[in-house]
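Since every read-out is calculated from the coordinates, none of them should be taken as a lab result. Worth saying up front: this structure is predicted, and the values here are computed from it rather than measured. Cβ sites come from the backbone with ideal geometry, for glycine too, and all protein chains shown count toward neighbours.
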Amino acid sequence: MRVLVIEDDRKVASFIQTGLEQEGYAVDLLHDGAPAGDQAHAIDYDAAVLDLMLPGRSGFQVLRDIRARKASLPVLILTAKGALEERVAGLDAGADDYMTKPFALAELSARLRALLRRGAPRESVLRVADLEMDTIRRKVRRAGAAIDLKPKEYALLEILMRNADRPLTKALIIEHVWDIHFDSISNVVEVHINSLRNKIDKGFDLPLIHTVRGVGYVLTDTPA
């Protein structure tokens, strides 16, 4: 999952980024409202976290721009403005949720998960052959045995399972699992694929993760 965080307080933005990345999200940061609408439109984000008091353009202006060009993008306002009329104004302007500072990262993460569940018709339990992922509890099992995954391994497996039987390019994987500043020359995708194979396929007669030469990777229960 890829999230855009638009927050001018760099310490707060970094705190959010670190916390969400530990849960497997790819997080891009903007500290100015001016480019936010264009970036939200140009990149395939799953959700946005938006402050209202921004340099360049206000959060309300950014929100109107997002709604005009990308109406379905879930937007969570996170701001110090907590008066009732301000919360009502934010929701009426098109925000999907509204949180006030100070905030708990656990609650922010839970609200994002709720928005993502509502934002698109996504299955909460993904299955390919005997591999199962519970996206609400963030649990993975194969043949009934629990598999312990690191956050990026989980995020990588989720995008593979949501696109089962569809080959995914390395560029697409990087776009959704790592952030915008990621070095695409790095072999980190290959490293994580190998780690997943050791955890998902090792010891099983039917491998599920396959390399598609010249394309990328695919998760499928159809033998090559």
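On C-alpha positions alone, give me the angle between the axis of helix 59-69 and the longest principal axis of the chain, in degrees, nearest 10.
Once rounded, the angle reads 50 degrees.
Say R0 is 45 Å: what FRET efficiency, to the nearest 0.05, do R162 and A89 get from their beta-carbon distance?
0.80
Using a simple spin-label model with points 7 Å from Cα along the Cα→Cβ vector, what separation in nm is obtained for I43 and F15?
Here the modelled spin labels are 2.2 nm apart.
How many nm is it between the label spots at A34 and R67, if each spot is 7 Å from the Cα in line with the beta carbon?
Placing both labels 7 Å beyond Cα along the Cβ direction yields 2.5 nm.
Report, in degrees rounded to the nearest 10, the 0 to 90 angle that the Cα long axis of helix 151-162 makes with the longest principal axis of the chain.
It is inclined by approximately 80 degrees.
Residue by residue through region 50-56, what is 3J(HN,Hα) from phi via Karplus (6.51 cos²θ - 1.76 cosθ + 1.60, θ = phi - 60°)? Round to whole Hz and write x for glycine and proline.
Whole-Hz 3J(HN,Hα) from phi for region 50-56: 10, 7, 8, 9, 10, x, x.
Please provide three numbers in whole Å: the alpha-carbon extents of region 48-204 along the principal axes, with the largest listed first.
58, 35, 27
Let me check the size of region 1-128 from its C-alpha atoms; what are the radius of gyration and Dmax in Å?
13.8, 47
Using a cut-off of 10 Å between beta-carbons, work out the net charge of the residues near G56 (Lys and Arg +1, Asp and Glu -1, G56 not included).
Within the 10 Å Cβ shell, the charges total -1.
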